[in-house]
Every structure is written in structure tokens, then in C-alpha cells.
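Here is the structure we will look at.
Nothing in this text is a laboratory measurement; each read-out follows from the coordinates by a stated rule. The structure displayed is predicted, hence computed values, not measured ones. Methodologically, a virtual Cβ is constructed for each residue, glycine included, from the backbone with ideal geometry; neighbour enumeration extends over all protein chains shown.
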Amino acid sequence: MKTGNSNILIIYTGGTIGMVKDYASGALKAFDFKGLLESIPELHQLECQIDATSFEVPLDSSNMHPEDWVRLATMIEQGYDHYDGFVVLHGSDTMSYTASALSFLLENLQKPVIITGSQLPIGDLRTDAKENLITAVQIAALKNENGPVVREVGLYFEYKLYRGNRTTKINAEHFEAFASLNHPHLVESGVHLKVFSQFLWAPKKRKPLVVHKKLNTNVAVLKLFPGIGEQVLRGVLSSKGLKALVLETYGSGNAPSDSWFVEVLREAISNGIHIVNVTQCSGGSVMMGQYETSTQLQQLQLISGKDITTEAAVAKLMYMLGAEVHPRHFKTVFETSLRGEMHQN
């Protein structure tokens, strides 16, 4: 594998990696992107051509919205024929949502889109930003005799590249901020870059990139808890315009067996709302019917989220609703792994 002669585009969206401290208020704020590149002269030592662009107004990732995902996908589309790989600099708080969304928006992706950021600003003495950015660029530039090594949306943080739509942010303070508990990491950075080729996504070859630009955000997430009442469940499911709900259940997909609970779900489904059963555990999979407390959900024909993350479930629902997948096929399509976001039996 080699990194030479690769053209890489860095897209800066905002986030801690490109922030400085406002000493008047003590808060972090975005600074000019050119200053970010100047802070990492090591980039010029890499054997690849690097160009950079930025959102006109950098965003804290808490302000990242679905229209910004479409904007990112469009920027990648516009540079797709010119660049061999892309590195997206992004705030860590919603990074897993963006990585998941991009994986669905970029159908037939044949090139690496590596999302990274940092826990400390680039100018901080102990920053993790330099290593994350430099290695993300190196991974994006990796080639073999068949072209790019990575052909999917990945998330690189603290020495590991993960499949983007398999990640969850697990820590707000540690450098090791992300985990992918249901899928092995793809690349590990040490003295050398170790690529685990058997875990990489293998897209269908010789199909042109299709960039989807329509997302339907009429989606909600509800996490079950002991004591949840009918008014809460009914209130969420009766929200105006709601099209789909990610229901975070217990364990392997279990929920209360109270008659009111089952009846409210039945009413919602009859009203055309798609309900996806996702475990609220950090790892593991939904297996409806394994326990009696999930049998009623199976009988209701709830959509099984299998081992998908909540972040990927939200993005997939927005994508599928935007694509206007027919209600008759919605359950089958969701339960099918489209971009490696869930285990496929």
C-alpha cells in the first residue's frame, strides 16, 4: 500500500479541532481555517497533494443539521472526480450522526471519506488534533493496485478508524471518545498503519456515485425507562407530522407488556408510523421473541433494528423517508444492511 500521488480534499465544518479560546469569556470559538493548516506544517511532509475548503461559517457540531449533511455530500460530489479521498473535520458531539448520514447519502461510494476532529483545540499543548488529522489524511490517501484501500465513510479518532455508521460517542473528556461495539475497527495506527481488510466495506463495483439530497426529519427517538407512562408514549407518537420512531428498548429488544403500551404502539402503526426497535444497550442486538417481553413487539411487526446504533437508525430513517420508500417495503428495506450499518443474517 502507498499514499503517494493522492489528491486529498480537507473539508472543515467547525468543531473543537479548529477553535481557540476567547479569553474574555473563556469559551471556545472557531477561528480562521487558514490558521488551522498553518498550525500543522507536518501536512506538507505527506506524499500527497492536499487542498482545503471550509464551511463559510464554521459550526459547532451541536448546530449541525440535516441540511448541513446534504451540503457536505454535495461538496464531496463536486470534488469526487478530482480527488482520491476526503477528510472532513467535524465537532465530536454529533460526529457519529454525520458519519451515518453521509454513508446513506453517498450511494456507491468508491473513495474514502474520513471524518475526524479532536477533544482539545489545535493550539493546545496537549492536543490530539495533529495526530488525528495527519493520520486521517494518510488513511484517505492509502492506495493499492485496485485503487483506494478504504471505500466507505469512516470515523478516525485516537489511533483507530471505525466504520462511521457503527460508531457512538462514549466519552466527553477522554481522547478515546468513540466506540464501535458491534463491528471491529478497520485500521489501527501504530508504528505502521495496520489495515484489517476483512472488515472493510466492499461496495458494488463499477456503479457511479449517487448523491441523495432529500431527507425527511419527521423522526423521533424515545428511550424506555421504568415508570414511563401512557401519556408520554402517546404524546410522542401523536406529534404532528411524525413519520417514524426509534424506540430504545431494554436488553435484546424488550419492553413493558402492559396492555396500554401495546395498544398505543398498535394504534401508531395502524396510522402509518414506522417504529424501529433498537436496544438502549451500548452493544448487542435486538432479538425479538427471545424473551416473553418482546414477543408482543414481534407480533406487532415492529421493525428490528438488529445491532444498529441509534445514530445510524435516525439517519437511515431520514434517508428512507426522504427516498419515499413504499410503506409495504419499508420494514424489509430497513432490516437490510445498505452500507454495513447492521449485521446481515
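Here is the list for the range 179-229: chymotrypsin sites (Phe, Trp or Tyr not before Pro) lying in DSSP coil, each with at most 13 other C-beta atoms within 10 angstrom of its C-beta, are F196.
For the pair the range 263-322 / the range 135-173, the C-alpha centres are spaced 28 Å from each other.
Contact order, relative form, for the chain: 15 percent (alpha carbon pairs under 8 Å, 6 or more residues apart, mean separation divided by residue count).
In the chain, taking the dipole from charged Cβ atoms about the Cα centre, the farthest positive-side position among H329, A129, T295 is held by H329.
When the square roots of the Cα gyration tensor eigenvalues are ordered a ≥ b ≥ c, the ratio a/c for the range 169-229 is 1.5 or more and a/b does not exceed b/c, which makes its shape oblate.
Charges were assigned to the Cβ only: +1 to each Lys and Arg, -1 to each Asp and Glu. The resulting dipole of the chain about its Cα centre is roughly 920 debye.
Fewest neighbouring Cβ atoms within 10 Å first, the residues S100, S189 line up as S189, S100.
Secondary structure note: in the range 212-345, about 5% of the DSSP beta bridges are antiparallel. At an R0 of 45 angstrom, the distance between the Cβ atoms of S270 and D81 translates into a FRET efficiency of 0.40. Residue ranges 286-296, 208-218, 127-137 sort as 127-137, 286-296, 208-218 when ordered by packing (mean number of other C-beta atoms within 10 Å per residue, highest first). For a modelled paramagnetic label at E176, 7 Å from Cα along Cα-to-Cβ, the residues of the range 85-121 in reach, with backbone nitrogen under 16 Å, are 119.
What translational diffusion coefficient, in µm²/s and rounded to a whole number, does the Stokes-Einstein relation yield for the range 238-298 at 37 °C and a viscosity of 0.692 mPa s, taking the hydrodynamic radius as the Kirkwood radius over Cα pairs? Rounded to a whole number, D works out at 272 µm²/s. Applying 1/(1 + (r/R0)^6) with R0 = 41 Å to the Cβ-Cβ distance of V57 and K240 gives a FRET efficiency near 0.85.
Think of it as helices only: each DSSP H run of n ≥ 4 in the chain is worth -39500 (n - 2.57), and spread over all residues that comes to -8000 deg cm²/dmol at 222 nm. The three principal axes of the C-alpha atoms in the range 6-211 carry coordinate ranges of 54, 35, 34 Å, sorted with the longest axis first. Percent relative contact order of the range 219-334, based on C-alpha pairs within less than 8 angstrom and at least six residues apart? It rounds to 26 percent for the range 219-334.
Inter-label distance, V210 to N108: 0.8 nm, where each label sits 7 Å from its Cα along the C-beta direction. By how many degrees, between 0 and 90 and to the nearest 10, does the Cα long axis of helix 129-141 differ from the longest principal axis of the chain? That helix lies at roughly 90 degrees to the long axis. Each label was represented as a point 7 Å from its Cα along the Cα-to-Cβ direction; for Y291 and L224 these points are 0.8 nm apart. Comparing D307, D93, D124 in a Gaussian network model of the chain (Cα springs below 10 Å), the most mobile by mean-square fluctuation is D124. Computed about its Cα centre, the charge dipole of the range 6-211 is approximately 700 debye, with only Lys, Arg, Asp and Glu carrying charge at their Cβ. Restricting attention to the chain, close to 40% of DSSP beta bridges with both partner residues there are antiparallel. Exposure proxy for S61, S197: other Cβ atoms within 10 Å of each Cβ, ordered fewest to most, give S197, S61.
If I take R0 = 41 Å and measure r between the Cβ atoms of V191 and A323 in this structure, what FRET efficiency does the formula 1/(1 + (r/R0)^6) give, to the nearest 0.05?
Rounded to the nearest 0.05, the efficiency is 0.40.
Peptides 141-150, 105-114 ranked from most to least packed, by the mean per-residue count of other Cβ atoms within 10 Å: 105-114, 141-150.
Of the residues W69, W260, the one with the fewest other Cβ atoms within 10 Å heads the list, and the complete ranking is W260, W69.
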